[in-house]
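Reading through the structure tokens given below for one structure.
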Amino acid sequence: MFKKALSLVLTLAMVLSACMIFASCQGEEDLKGMSESPLPAPELTVDFEVKDDFKIGFIFLHDENSTYDKNFIDAAQSVKTLLGLSDEQVLMKKNVPESNDCYEAAVDLANKGCDVIFADSFGHESFILQAAKEFPSVQFCHATGTMAHTAEQANFHNAFASIYEGRYLAGIAAGLKLNEMIEAKKITPEEAVMGYVGAFTYAEVISGLTSFYLGAKSVCPSVTMKVQFTGSWYDEGLEKEAAEALLSKGCVLISQHADSMGAPTACEVKGVPNVSYNGSTYAACPETFIVSSAINWAPYFLHIIKCANTDTAIEADWCGGIAEGSVVLSGINLDVAAEGTEKAIKDAIAGFKAGTLHVFDVAKDDFITVEGQKLTEYTADVDYDEAFTKDTQVIKDGYFAESEFRSAPYFDINIDGIEFLNAKY
């Protein structure tokens, strides 16, 4: 018998927005300062049947204590609920390092009958590809990777989202907060310095931090930003220290691309506005949290499950955007955000949807420069090789075409206005 899933609709927007709050057991009173999300997760409709013997396996780098992994875990649980899958059909392996342990976890899931196996961390990729070659009848999907579109391995797939658009939107909220501080004479225009806690100097991180900065710059032209790297995706102590170091250097607002509560906690203690990532920190940081962007992985998980159950090929490289519901925002903390933030974000969303707004707009005067010069061309490392050869011209029609030639980001430029304090990672 098939499990009947035809015409089943579940409003995942409510489920996922709840999942994006880190603290548990929040009542309506606890969220009184929050607006509704200006870019919520969409309703997902199921139009296929799930086979009784279908199984999907997940490999997570950490567990729910990591905001990054929690975002994936919440999406997996939501789709499990949507489809009515049992515990025997959804197998999860957590705290799997970027080592041969990942290969062994993938082999174990394949041997347990999984039709699809998904891994969530960049460093998992080579081990997932190794397993894919040994189990050609199993579909292996991997987030943030770079190899699938050139690997010529039919059952190996990469996926990501245009989260640079979400970070740009969050940057608008940051820039408007800086303007409010300038107007209140708390800072001068020259003191509109943001801090950013980054994990590594990978393109994924540089793309994200640059997008955030450009969003802020689009409304606050005097903004600059300092970046402190930790050399770890998840280290609460290092992330807290990085945030404190940035604060000591005059940063008046902090954001991050790292996976713990280290930076938001440091901001709450010091009373400094904070823009988080992968989920709202409102419950723990109600006095400083402004907004958060995140990738919503539920549409992709539903997509690959549908493909597996309808004998449809999964794309080698898939990138979801605002239209697919893959880029989402939390609600806005109205007690902290500047007046007009919600309208400005919604206007920018409309621009993205219409195709009139581009994050990396190199045609706009003085918006993106490197050593004082506008970018007119750039060759990026898009096609994977061990030497990381720059191989593809990625500027077209007046903008840097991020995630159009490959799902994973390849914007790796240190532009003017952003200072890397430590670039050893």
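Scanning the range 142-167 for residues that are farther than 26 Å from GLN256 by Cα and not β-branched (Val, Ile, Thr) gives MET147, ALA148, HIS149, ALA151, GLU152, GLN153, ALA154, ASN155, PHE156, HIS157.
When the criteria are applied in full, TYR277 fails the requirement of being surrounded by fewer than 24 Cβ atoms within 10 Å (Cβ to Cβ) and at pLDDT below 95. One residue alone among HIS149, HIS124, HIS142 is in contact with an Asp or Glu (Cβ under 9 Å, 6 or more places away or on another chain), crowded, with 19+ Cβ neighbours inside 10 Å and free of Cβ contacts under 8 Å to residues at least 40 places away in the same chain, and that residue is HIS142. Kindly indicate the residue of the range 83-139 that is of a type in the set (Val, Ile, Thr) and in a loop (DSSP other than H, G, I, E, B) and also farthest from the chain's Cα centre (by Cα) among those meeting that condition. Result: VAL138. Of the residues that make up the range 54-63, is at least one touching a Cys at 6+ places or on another chain (Cβ under 8 Å), within 18 Å of ASN296 (Cβ to Cβ) and buried (at least 21 other Cβ atoms within 10 Å of the Cβ)? Yes, the conditions are met somewhere in the range 54-63. Within the range 147-162, being at pLDDT 95 or above, more than 19 Å from ALA298 (Cβ to Cβ) and part of a loop (DSSP other than H, G, I, E, B) holds for MET147, GLN153, ALA154, ASN155. The criterion of being surrounded by 17 or more Cβ atoms within 10 Å (Cβ to Cβ), of a type outside the set (Lys, Arg), assigned to a loop (DSSP other than H, G, I, E, B) and touching a residue at least 12 places away in the same chain (Cβ under 8 Å) does not hold for VAL328. In the range 365-373 there is no residue that is surrounded by 12 or more Cβ atoms within 10 Å (Cβ to Cβ), at pLDDT 95 or above, within 23 Å of THR144 (Cα to Cα) and aliphatic (A, V, I, L, M). Specify the residue that is farthest from PRO221 (Cα to Cα); the eligible residues are those in the range 363-394 that are β-branched (Val, Ile, Thr) and out of contact with any Ser or Thr (no Cβ under 7 Å at 6 or more places or on another chain). Here the residue is THR389.
Looking at ALA184, is it hydrophobic (A, V, I, L, M, F, W, C), free of Cβ contacts under 8 Å to residues at least 40 places away in the same chain and either in contact with a helix residue (DSSP H, G or I) (Cβ under 7 Å, 6 or more places away or on another chain) or surrounded by fewer than 18 Cβ atoms within 10 Å (Cβ to Cβ) (or both)? Yes; evaluated as a whole, the condition is true for this residue.
The set of residues from the range 218-260 being under 22 Å from the mean Cα position of the chain (by Cα), among the charged types (D, E, K, R) and surrounded by fewer than 24 Cβ atoms within 10 Å (Cβ to Cβ) comprises LYS226, ASP235, GLU236, LYS240.
Taking the conditions exactly as written (of a type outside the set (D, E, K, R), at pLDDT below 95, part of a loop (DSSP other than H, G, I, E, B) and closer than 30 Å to GLU190 by Cβ), does TYR384 satisfy them or not? It is false that TYR384 is of a type outside the set (D, E, K, R), at pLDDT below 95, part of a loop (DSSP other than H, G, I, E, B) and closer than 30 Å to GLU190 by Cβ. For the structure I just gave you, tell me whether THR45 is touching a strand residue (DSSP E or B) at 6+ places or on another chain (Cβ under 6 Å) and either at pLDDT below 50 or closer than 23 Å to GLY321 by Cβ (or both). It is true that THR45 is touching a strand residue (DSSP E or B) at 6+ places or on another chain (Cβ under 6 Å) and either at pLDDT below 50 or closer than 23 Å to GLY321 by Cβ (or both).
Restricting SER407, SER403 to those that are part of a loop (DSSP other than H, G, I, E, B), on the phi > 0 side of the Ramachandran plot, in contact (Cβ under 8 Å) with a residue 40 or more places away in the chain and in contact with a strand residue (DSSP E or B) (Cβ under 7 Å, 6 or more places away or on another chain) reduces the list to SER403.
Looking for something under 21 Å from the mean Cα position of the chain (by Cα) and either closer than 20 Å to ASN414 by Cβ or at pLDDT below 95 (or both) - is there at least one such residue anywhere in the range 337-353? Checked against the condition, which is being under 21 Å from the mean Cα position of the chain (by Cα) and either closer than 20 Å to ASN414 by Cβ or at pLDDT below 95 (or both), the range 337-353 yields no hits at all. Considering the conditions (1) among the charged types (D, E, K, R); (2) surrounded by 19 or more Cβ atoms within 10 Å (Cβ to Cβ); (3) without any contact (Cβ under 8 Å) to a residue 12 or more places away in the chain, ASP87 is excluded by exactly one of them, (2).
Residues in the range 246-253: is at least one closer than 22 Å to GLU165 by Cβ, touching a Gly at 6+ places or on another chain (Cβ under 9 Å) and touching a residue at least 60 places away in the same chain (Cβ under 8 Å)? Yes, because at least one residue in the range 246-253 is closer than 22 Å to GLU165 by Cβ, touching a Gly at 6+ places or on another chain (Cβ under 9 Å) and touching a residue at least 60 places away in the same chain (Cβ under 8 Å).
The values are calculated or read from the model by the stated rules, or taken from the named source; none is laboratory data. On a predicted model such as this, the values are computed, not experimentally measured, just so you know. Here Cβ is always computed from backbone atoms with ideal geometry, including for glycine, and neighbour counts include all displayed protein chains.
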